[in-house]
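Everything below concerns the one structure shown next.
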Amino acid sequence: MKKYIGLLAALFLFAGCSTAEEEPKEVDAVSSSIVEVKEPLNEQQQLTLDSLSDFNSFANNYANVEPIQRTALWDDYISGTKVTWTGTVVEVWDSEIILIDSNYYDGTLFQELNGKPGIYRVFIADFNYDIATSAITPGQQLTVTGDLDSRGNPSDPFGNWKMYSSEIVQ
């Protein structure tokens, strides 16, 4: 009996392995690509982008962008942009300089600004190295350049701006 079962299994296996060639099947090639279409910028958004080189104007214009539009504007057009901004030194840390829009400087330290609406007017320049802190003093006006990486938020009491890979402009 075992012999017959083995013989039947071999027969089914042999029958299943046909040497007849199958004709290739024609397949419709379908390619799809997703193209993200950005909404055209409105006047306020364009004004904001056009003012990137002046921190005071930029901060004013960004605050006037509709809150619901800020994230897309930041993500699509501003984040990672190299900017050159001038401000007044609030504090100097090992590898960072805390600056504020000169129109808002009153001698207040960063810790006292944090958590208050004025923090939106602060930008931090992060250097990839320790800086000579004795050459830079609070109250001094300074121009720095760097890559924007953190955005301020006019409605967030902890929402200051931050740039990385900063350099002092001489």
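Every read-out reported here was derived from the displayed coordinates using simple, explicitly stated rules and does not represent laboratory data. Fair warning: this is a prediction, and the values are worked out from it, not measured in the lab. Ideal geometry is used to build each Cβ from the backbone, glycine not excepted, and the neighbour counts take in all protein chains shown.
Treat each spin label as a single point 7 Å out from the Cα along the C-beta direction, and report the K82 to D50 distance in nm.
2.4 nm
Count charges around L142 for me, please; just the other residues with Cβ under 13 Å from its Cβ, Lys/Arg as +1, Asp/Glu as -1.
So the surrounding residues net to -4.
With a sphere of radius 13 Å drawn around the Cβ of E66, what net charge do the other residues whose Cβ falls strictly inside it have (Lys, Arg +1; Asp, Glu -1)?
In short, -1.
Nearest 5 percent is fine: what portion of the DSSP beta bridges confined to the stretch 80-168 is antiparallel?
Around 90 percent antiparallel, to the nearest 5.
So if each residue of separation counts as 0.36 nm, and I subtract the Cα-Cα distance between Q141 and N103, what length gain in nm does that give?
Full extension of this stretch gives 12.6 nm more.
So, by mean Cβ neighbours within 10 angstrom, what's the order for 117-126, 130-139, 81-90, 42-51 with the highest one leading?
Top of the packing list down: 117-126, 81-90, 42-51, 130-139.
If we count every other residue with Cβ under 12 angstrom of D94's Cβ, Lys/Arg +1 and Asp/Glu -1, where does the sum land?
Local charge sum for D94: -4.
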